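Comments concern the structure below.
The values are calculated or read from the model by the stated rules, or taken from the named source; none is laboratory data. What you see is a predicted model, and the numbers here were worked out from it, not measured in a lab. Neighbour counts run over all protein chains shown; Cβ positions are idealised from the backbone, glycine included.
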Amino acid sequence: MTRVLLFGRLSDIAGWRERSYDPPPQRLSALKALIGQEDHALAEALDGPGVRAAVDKALVRGDVTLVGAAEVAFLPPMSGG
């Protein structure tokens with residue numbers, strides 16, 4: 001099972017902060033596609049500029065393998081101050 005966490009405006013768009021997927025997708029792109037089937041607006045937001053993904057609390061780039069991943073978090077762009 002993969003636990004998905006959304007933060008900031010991403011959770012506002014989705015209307016949820018945490019969800020589980022079982023069986024878990026094998027790649028990050030497959031997870032995003034699965035989420036996109038459920039919510040087109042969220043899929044667009046996840047592909048937006050500056051959105052980052054963390055797999056098991058480590059930031060990742062690109063499409064990564066999720067085999068054994070327990071947690072995937074999507075982080076919106078951060079603003080500085």
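When the residues of segment 39-81 are filtered to those that are among the acidic types (Asp, Glu) and out of contact with any helix residue (DSSP H, G or I) (no Cβ under 9 Å at 6 or more places or on another chain), which remaining residue is nearest to Ile13 (Cα to Cα)? The residue in question is Glu71.
Of the numbered criteria (1) hydrophobic (A, V, I, L, M, F, W, C); (2) at pLDDT below 95; (3) assigned to a strand (DSSP E or B), the one Met78 fails is (3). Restricting segment 1-54 to residues that are surrounded by 15 or more Cβ atoms within 10 Å (Cβ to Cβ) and polar (S, T, N, Q) leaves a set whose member that is modelled with the highest pLDDT is Ser11.
Checking each residue in segment 8-50 for being assigned to a strand (DSSP E or B) and free of Cβ contacts under 8 Å to residues at least 24 places away in the same chain picks out Glu18, Arg19, Ser20, Tyr21.
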